[in-house]
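Let me begin by presenting the structure, written as structure tokens, before commenting on it.
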Amino acid sequence: MIKIRKAIKPDCARMMELVRELAVFERAPDEVTVTLEHFIETGFGKNPVWQALVAVNGEEKIIGISLYYMRYSTWKGLRLYLEDLIVTSAYRGKGIGKMLFESTVAEARKMGVTGMMWQVLDWNEPAIEFYKKYGADVSGEWLNCSLSLKLKA
């Protein structure tokens with residue numbers, strides 16, 4: 001029996017394990033540099049910036065997560081940005097990603113946002129096809145840009 005619920009602070013260590021598992025899958029295992037302490041503070045500290053849903057199995061072990069936050073578009077208004085949708089490898093193909101995604105869509109509707117945004121790697125065909133089933137616009141028109149800054153100690 002799989003259950004979807006809001007993440008709580010004690011979930012963070014397991015959530016970070018899944019983030020690292022995703023990084024390996026995405027061929028970027030050394031790119032995860034956030035500490036558990038920073039992760040906890042930014043999700044459950046004084047000024048939380050992210051929220052998450054977790055999928056738990058019958059033993060209450062977290063087997064998937066949907067981590068998201070608010071983003072503002074000057075063209076579309078307030079939108080939910082889905083940072084990660086992760087299902088641990090042993091549970092993929094069992095409908096858990098669907099449960100998490102649909103629960104995230106429901107959260108977005110409750111929040112009253114104008115839509116959702118996320119990224120998917122161009123080689124991850126199963127994920128692309130999954131999102132297309134929901135009518136998602138998967139566009140290669142925009143290029144990703146990033147600038148890394150050192151966090152103050």
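Summary table
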quantity	calculated
In sequence order, calculated HN-Hα J values of region 12-26 (Karplus, 6.51, -1.76, 1.60; Hz; x Gly/Pro)	4, 4, 5, 4, 5, 4, 5, 4, 5, 4, 4, 4, 5, 4, 7
Shape of the chain, Cα gyration tensor, a/c cut at 1.5	rounded
Helix-only CD estimate at 222 nm, as mean residue ellipticity for the chain, using -39500 (n - 2.57) per DSSP H run (n ≥ 4)	-9500 deg cm²/dmol
Calculated FRET efficiency for the pair Arg92/Lys46, C-beta based, R₀ 30 Å, to 0.05	0.25
Dipole in debye (nearest 20) - region 57-122, about Cα centre, beta carbon charges: Lys, Arg +1; Asp, Glu -1	240 debye
Arg71-Arg20 pseudo-label distance in nm [points 7 Å out on the Cα-to-Cβ vector]	2.7 nm
Extension gain, Ile2 back to Leu143 (0.36 nm per residue minus Cα-Cα distance, nm)	47.1 nm
Beta bridges per DSSP with both ends in region 44-153, % antiparallel, nearest 5	90 percent
Cleavage-rule hits (GluC sites (Glu not before Pro)) in region 28-68: DSSP loop, at most 11 neighbouring Cβ within 10 angstrom	Glu59, Glu60
Dipole moment magnitude, nearest 20 debye, the chain about Cα centre, only Lys, Arg, Asp, Glu C-beta charged	560 debye
Whole-Å semi-axes of region 6-73's equivalent ellipsoid (Cα gyration tensor)	18, 17, 12
Carbon + sulfur, % of accessible area of the chain - ligands and nucleic acids excluded, 1.4 Å	55 percent
Area of Cys12 that stays accessible when all protein chains are in place (1.4 Å probe, Å², to 10)	0 Å²
Accessible solvent surface per residue of the chain, calculated while the other protein chains remain in place, 1.4 angstrom probe, Å²	68 Å²
Note, ³J(HN,Hα) from phi for region 97-107, Karplus 6.51, -1.76, 1.60, rounded to Hz, x at Gly and Pro	x, 4, 4, 5, 5, 5, 5, 5, 4, 4, 4
Accessible surface, 1.4 Å probe, highest first, among residues Met15, Met116	Met116, Met15
Sequence-distant lysines (8 or more away, or on other chains) whose Cα lies within less than 21 Å of Lys133	Lys94, Lys98
Extension gain (nm, one decimal) between Arg109 and Leu121, 0.36 nm per residue minus Cα-Cα	1.8 nm
P(r) histogram, all alpha-carbon pairs of region 66-153 included - 10 Å bins from 0, percent	13, 44, 32, 10, 0
Rg in Å to one decimal, and Dmax rounded to a whole Å, for region 34-81 via C-alpha atoms	13.8, 44
For the chain, built as a Gaussian network whose Cα springs stay under 10 Å, the top-fluctuating residue of Ile65, Ile96, Ile128	Ile128
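The values are calculated or read from the model by the stated rules, or taken from the named source; none is laboratory data. From a predicted model like this one, the values you see are computed outputs, not experimental measurements. Cβ atoms come from the backbone with ideal geometry, glycine included; neighbour counts cover every protein chain shown. Side chains included, ligands, DNA and RNA excluded: accessible areas come from the protein's heavy atoms. Shrake-Rupley method; radii C 1.70, N 1.55, O 1.52, S 1.80 Å.
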